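In what follows, a single structure is set out as structure tokens and then discussed.
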Amino acid sequence: MEYMMENMTWPEVKEAMEKKRPLLFIVGSVEQHGPHLPISTDLTIPVEIAKRVAEKVNGIVAPAVPYGYRSKPRSGGGERFIGTFSLSGETLIHLTKDIIKAYIQKGFSNIFVLDWHVENVEFINEGLTLAVEETKGYPRKIIVVDNPNGLVDPKILDEMFEDDFPGWDREHAAIFETSMMLYLKPDLVRQEKIISDESKNYKPYDILPPPEDLVPDSGVLWHAEKASEEKGKKAAESMVDALADIIRKELG
């Protein structure tokens, strides 16, 4: 059974649509993730998660959108880093709308959207809302999950952070993402370059223009050295189960 649409022929895609297999659509970002993780981290993790979810629910994973909305300094390092390449909000809205509208008009009625980049949230929501408004008369149901970290079993998260959880905004290129990459794509992790770092002037709100000392030069916003493959395995498996349950419940 093939789960990746990009590897399917058009008759195979047609058959999957006719069988009403859930369509999993991913939006990520191209963003710096420190000296140890690739700039594709916000795409690699959700694609690998989606593959595993699709196997559980007989879904298919649509070709993913790699680019996202601009990075915020306090949650992703900001735009000053080489390796962060972003879209405007307007572009992301229309990109999401056009792609989802095309899937609905071709006949896909059960769509699951997974976003791994927090800055994308409202623009994706606007694009999906416009797609739904412009496809009146077509059967369609869309489920959206933004940044599914919170779906992981709380006991697993407690074990992962060991009383060292700084909040999800600062958990960038740190314990959670590094652990997930060590499990899902260890060949892409520069393990000898894993470090712990943090802002010298963290604030739980945004300042424009951002202070220079708000973001560490490494781009790592917390304690990546506490990451491990075992932590990533437990978190990934818990997340996959939770997402599969949502799809079964909402899309059948």
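So which residues in the range 162-181 are farther than 15 Å from Trp116 by Cβ and surrounded by fewer than 22 Cβ atoms within 10 Å (Cβ to Cβ)?
Once the filter is applied, which keeps residues that are farther than 15 Å from Trp116 by Cβ and surrounded by fewer than 22 Cβ atoms within 10 Å (Cβ to Cβ), the range 162-181 yields Glu162, Asp163, Asp164, Phe165, Pro166, Gly167, Arg170.
What do you reckon, is Asp146 in contact with a strand residue (DSSP E or B) (Cβ under 6 Å, 6 or more places away or on another chain) and under 17 Å from Ile49 (Cβ atoms)?
Yes, satisfied.
Restricting the range 1-22 to residues that are open to solvent by less than 30 Å² (accessible area, probe 1.4 Å) and in contact with a Leu (Cβ under 9 Å, 6 or more places away or on another chain), which is farthest from Ser86 (Cα to Cα)?
Ala16
Exactly one condition in (1) open to solvent by 50 Å² or more (accessible area, probe 1.4 Å); (2) part of a helix (DSSP H, G or I) is not met by Tyr67; state its number.
Unmet for Tyr67, out of (1) open to solvent by 50 Å² or more (accessible area, probe 1.4 Å); (2) part of a helix (DSSP H, G or I): (2).
Just checking, which of Leu130, Leu95 is surrounded by fewer than 20 Cβ atoms within 10 Å (Cβ to Cβ), more than 28 Å from Tyr205 (Cα to Cα), in contact (Cβ under 8 Å) with a residue 24 or more places away in the chain and in contact with a Lys or Arg (Cβ under 8 Å, 6 or more places away or on another chain)?
The match here is Leu130.
Identify all residues within the range 78-97 that are among the basic types (Lys, Arg) and under 19 Å from Leu208 (Cβ atoms); write none if there are none.
Once the filter is applied, which keeps residues that are among the basic types (Lys, Arg) and under 19 Å from Leu208 (Cβ atoms), the range 78-97 yields only Arg80.
When you go through Ala62, Ala54, Ala50 one by one, which is the residue that is buried (at least 23 other Cβ atoms within 10 Å of the Cβ) and without any contact (Cβ under 8 Å) to a residue 60 or more places away in the chain?
Details: Ala62 fails: buried (at least 23 other Cβ atoms within 10 Å of the Cβ); Ala50 fails: without any contact (Cβ under 8 Å) to a residue 60 or more places away in the chain.
On inspection, the qualifying residue turns out to be Ala54.
Search the range 206-252 for residues being free of Cβ contacts under 8 Å to residues at least 24 places away in the same chain and either of a type outside the set (Asp, Glu) or touching a Lys or Arg at 6+ places or on another chain (Cβ under 7 Å) (or both), and hand back the single one that is least open to solvent (accessible area, probe 1.4 Å).
Pro216
Looking at (1) touching a residue at least 24 places away in the same chain (Cβ under 8 Å); (2) in a helix (DSSP H, G or I), can you tell me which one Asn125 breaks?
Among (1) touching a residue at least 24 places away in the same chain (Cβ under 8 Å); (2) in a helix (DSSP H, G or I), Asn125 violates only (1).
Hey, could you check the range 166-198 for residues that are touching a strand residue (DSSP E or B) at 6+ places or on another chain (Cβ under 7 Å) and β-branched (Val, Ile, Thr) and say which is farthest from Lys72 (Cα to Cα)?
Taking the candidates together, the pick is Val189.
Can you work out which of the residues in the range 183-227 that are assigned to a loop (DSSP other than H, G, I, E, B) and among the charged types (D, E, K, R) is nearest to Val240 (Cα to Cα)? Full working, then the answer.
Going through the range 183-227, the residues assigned to a loop (DSSP other than H, G, I, E, B) turn out to be 185, 189-190, 194-195, 197-211, 215-222, 227.
If we keep only those that are among the charged types (D, E, K, R) as well, we get 185, 190, 197-198, 200, 203, 206, 217.
Values: Lys185: 16, Arg190: 25, Asp197: 29, Glu198: 30, Lys200: 35, Lys203: 32, Asp206: 32, Asp217: 33 Å.
Checking each candidate, the answer is Lys185.
Report, by residue number, each residue of the range 96-122 that is out of contact with any Phe, Trp or Tyr (no Cβ under 8 Å at 6 or more places or on another chain) and part of a helix (DSSP H, G or I).
Across the range 96-122, the qualifying residues are Lys97, Asp98, Lys101, Ala102, Lys106, Val121, Glu122.
The values are calculated or read from the model by the stated rules, or taken from the named source; none is laboratory data. Quick caveat: nothing in here was measured; it's all calculated off a predicted structure. Counting neighbours? That spans all protein chains shown, and the Cβs are built from the backbone with ideal geometry, glycine included. Accessible surface areas use protein heavy atoms only, side chains included; no ligands, DNA or RNA. Shrake-Rupley method; radii C 1.70, N 1.55, O 1.52, S 1.80 Å.
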